[in-house]
Amino acid sequence: MVEYATDIIRSSQNLRENLEGAAQLFMEGPDNRAAYNNEVLFDAPFFGYAKGDDPIWLTFREGVGEDCWSPIEAFLRKYPHSDARSSDLTVVVIVCPQTEMTYNEQKKAKGFPGRRWVQSRFLHDQVIWGLCINLTSYLESLGVPAVVPDLLEGFKQIPHPRFTITSQWSHRHAAFAAGLGTFGLCDGLITKTGKAHRLGSVVLQASLEPTPRTYTEIYEHCLFFSSGTCGRCIARCPAGALSPDGHDKNLCRDYLLKTTAPGISRLWPELDGAYGCGLCQSAVPCGNRRPAFKS
Ligand code: SF4
Ligand code: SF4
């Protein structure tokens, strides 16, 4: 490995700029396009940062359960002999917004998702995992150990008595920690560009300035919780999976697997094997903005 002045790199603004520059470059490349039609899959990403020893990770674990990894637990799964402590780590969360074309097409869709939305969902691994792997390799080439939690061995989804299903690492929770937004009634994370996006995250051994959280409540950007209005996502859901009580993940998953999957392969053979919906993430007040944001 090339020798670098790692103390300088790890704590400097340079690392953040380089990391974001590398991500932007990746998103301008072929991995952010569908090979069969060359359509761009996601817009330019933006980023949030959280400290590895932020007490919020403990709060998540208390809320979700012992299976929920903290940043240091995820990190040590890849680097079991590291002497890193929680305070040495930063979590960077990357938000990749849907393109305007995808969003506008999805906005017009009723009862069944738009083709471009399904396409970007289908090629999610190519873009989001590709981006996170690319960043990890880049960081490691600088002498900065880095981990993609949801690609670690042992990562899995787990049945949960209250939340139906959870996993050891949630990008949305990490994004909340990293100052990027709060949750909506339908469980999506409402960021400054709304909730039509996909998320990725990387844990790295470097001390980067955390992004301030401008909110205190988990549903602060959702009109339903902040002012008792809206509920537009409930009406958008073709599966009846949304109600004032929240998101029924079983109904949602059944709709994705039993209705959208066969429909997609009939309508768009090039997307055979895909499933997806996301109707609750468009044509709603929080689709592409933060409706209840108090600046
Ligand atoms: S559509 Fe309305 S109720 Fe649903 S998540 Fe967005 S702001 Fe909340
Ligand atoms: S993804 Fe589709 S099925 Fe699931 S909650 Fe949203 S609108 Fe309903």
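A few comments on the model shown:
The rows are residues; the columns are (1) within 16 Å of ligand 2 (Cβ to nearest atom); (2) modelled with pLDDT of 95 or more; (3) part of a loop (DSSP other than H, G, I, E, B).
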site: Phe112; (1), (2), (3): yes, yes, yes
site: Trp117; (1), (2), (3): yes, yes, no
site: Ser120; (1), (2), (3): yes, yes, no
site: Ile128; (1), (2), (3): no, yes, no
site: Cys132; (1), (2), (3): no, yes, no
site: Leu135; (1), (2), (3): no, yes, no
site: Ile158; (1), (2), (3): no, no, no
site: Asp187; (1), (2), (3): yes, no, yes
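- Scanning segment 269-295 for residues that are surrounded by fewer than 22 Cβ atoms within 10 Å (Cβ to Cβ), over 18 Å from the mean Cα position of the chain (by Cα) and within 11 Å of ligand 2 (Cβ to nearest atom) turns up just one, Ala283.
- Total residues in segment 232-245 satisfying the condition of being within 10 Å of ligand 1 (Cβ to nearest atom) and over 17 Å from Ala283 (Cα atoms): the figure is 1.
- Of the candidates Gln119, Gln126, the single residue that is within 22 Å of Ala175 (Cα to Cα), touching a helix residue (DSSP H, G or I) at 6+ places or on another chain (Cβ under 7 Å), surrounded by 15 or more Cβ atoms within 10 Å (Cβ to Cβ) and of a type outside the set (Asp, Glu) is Gln126.
- Here Thr229 fulfils each of the conditions (1) within 30 Å of Val92 (Cβ to Cβ); (2) among the hydroxyl-bearing types (Ser, Thr, Tyr); (3) within 12 Å of ligand 1 (Cβ to nearest atom) apart from (1).
- Selection count, segment 52-81, where residues are in contact (Cβ under 8 Å) with a residue 40 or more places away in the chain and either under 22 Å from Leu19 (Cα atoms) or in contact with a helix residue (DSSP H, G or I) (Cβ under 6 Å, 6 or more places away or on another chain) (or both): 10
- Qualifying residue in segment 80-95 (condition: in a strand (DSSP E or B), at pLDDT 95 or above, over 22 Å from Glu39 (Cβ atoms) and of a type outside the set (A, V, I, L, M)): yes
- The C-beta contact set for segment 276-295 (first residue under 15 Å from Gly228 (Cα atoms) and touching a residue at least 24 places away in the same chain (Cβ under 8 Å), second residue surrounded by fewer than 19 Cβ atoms within 10 Å (Cβ to Cβ) and of a type in the set (Gly, Ala, Ser), distance under 6 angstrom, 6+ apart or interchain) comprises Ala292/Ser226.
- When Thr99 is tested against (1) of a type in the set (Ser, Thr, Tyr); (2) in contact with a helix residue (DSSP H, G or I) (Cβ under 6 Å, 6 or more places away or on another chain); (3) more than 26 Å from Glu153 (Cβ to Cβ), exactly one condition is not met: (2).
Table: residues versus (1) surrounded by fewer than 16 Cβ atoms within 10 Å (Cβ to Cβ); (2) away from ligand 2 (no atom under 15 Å from the Cβ); (3) under 22 Å from the mean Cα position of the chain (by Cα).
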residue	(1), (2), (3)
Glu217	yes, yes, yes
His221	no, yes, yes
Gly228	yes, yes, no
Pro244	yes, no, no
Lys249	yes, no, yes
Gly263	yes, no, no
Leu267	yes, yes, no
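- If you go through segment 20-50 and pick out every residue that is over 19 Å from Gly200 (Cβ atoms) and either buried (at least 20 other Cβ atoms within 10 Å of the Cβ) or in contact with a strand residue (DSSP E or B) (Cβ under 9 Å, 6 or more places away or on another chain) (or both), you end up with 1.
- All positions within segment 249-282 that are of a type in the set (S, T, N, Q) and more than 16 Å from ligand 1 (Cβ to nearest atom): Asn250, Thr259, Thr260, Ser265
- Qualifying positions in segment 137-156 - touching a residue at least 60 places away in the same chain (Cβ under 8 Å) and outside any helix (DSSP H, G or I): Leu142, Gly143, Val144, Pro145, Val147, Leu152, Glu153, Gly154
- Residues located in segment 230-242, provided they are surrounded by 19 or more Cβ atoms within 10 Å (Cβ to Cβ) and within 15 Å of Thr260 (Cβ to Cβ): Arg236, Cys237, Ala239, Ala241
- Each residue in segment 46-67 was checked for being in a strand (DSSP E or B) and either of a type in the set (Gly, Ala, Ser) or under 16 Å from the mean Cα position of the chain (by Cα) (or both), and 5 of them qualify.
The values are calculated or read from the model by the stated rules, or taken from the named source; none is laboratory data. Remember, predicted model here, so these are calculated numbers, not experimental data. Backbone-built Cβ (ideal geometry, glycine too); neighbour counts: all protein chains shown.
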